[in-house]
Amino acid sequence: MIPRFPRGVRLHHDQARERWVVMAPERMFVPDETALEVLRLVDGARDLDAIIDALAAKFDAPREIIATDVRAMVEDLVARGAITP
């Protein structure tokens, strides 16, 4: 799976509110810090395993734990329409 933002959806830093948001037609998501770490790696080129590897290395955490959390988060973001598989 190569997660990407669907057409019309983007990660955007809201300067006025000093926070990151996912802008989508007629809606907006405010990701928490954990989701933001994942969303910053969604570029349409990296597959899910590459994202998991990058996060495991960045946080020096066991890959299995990162993988479980990231897969659940990606499934939730796909269900919300924030990213596509």
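For region 7-29, state whether one or more residues are open to solvent by 90 Å² or more (accessible area, probe 1.4 Å), farther than 25 Å from residue 63 by Cβ, among the charged types (D, E, K, R) and within 13 Å of the chain's Cα centre (by Cα).
Yes.
Looking at region 35-67, which of the residues that are more than 16 Å from residue 3 (Cα to Cα) and not hydrophobic (A, V, I, L, M, F, W, C) is surrounded by the fewest Cβ atoms within 10 Å (Cβ to Cβ)?
Across region 35-67, the extreme among qualifying residues is 60.
Pick from 75, 26: which is on the phi > 0 side of the Ramachandran plot and free of Cβ contacts under 8 Å to residues at least 12 places away in the same chain?
Details: 75 fails: on the phi > 0 side of the Ramachandran plot.
One residue alone meets the criteria, 26.
Consider region 56-85. How many of its residues are over 11 Å from the mean Cα position of the chain (by Cα), assigned to a helix (DSSP H, G or I) and of a type in the set (Asp, Glu)?
Qualifying residue count, region 56-85: 2.
Can you tell me which residues in region 10-55 are in contact with a strand residue (DSSP E or B) (Cβ under 9 Å, 6 or more places away or on another chain), outside any strand (DSSP E or B) and within 15 Å of residue 76 (Cβ to Cβ)?
Once the filter is applied, which keeps residues that are in contact with a strand residue (DSSP E or B) (Cβ under 9 Å, 6 or more places away or on another chain), outside any strand (DSSP E or B) and within 15 Å of residue 76 (Cβ to Cβ), region 10-55 yields 30, 31, 35, 36, 39, 42.
Do we have residue 83 as in contact (Cβ under 8 Å) with a residue 60 or more places away in the chain and among the β-branched types (Val, Ile, Thr) here?
Working: in contact (Cβ under 8 Å) with a residue 60 or more places away in the chain: yes; among the β-branched types (Val, Ile, Thr): yes.
Spelling it out, residue 83 is indeed in contact (Cβ under 8 Å) with a residue 60 or more places away in the chain and among the β-branched types (Val, Ile, Thr).
The values are calculated or read from the model by the stated rules, or taken from the named source; none is laboratory data. Here the structure is a predicted model, which is why all the values come from computation and not from measurement. Quick reminder, even Gly has a Cβ in these numbers, built from the backbone with ideal geometry, and neighbours come from all protein chains shown. SASA here: full protein model, heavy atoms, side chains in, ligands and nucleic acids out. Shrake-Rupley method; radii C 1.70, N 1.55, O 1.52, S 1.80 Å.
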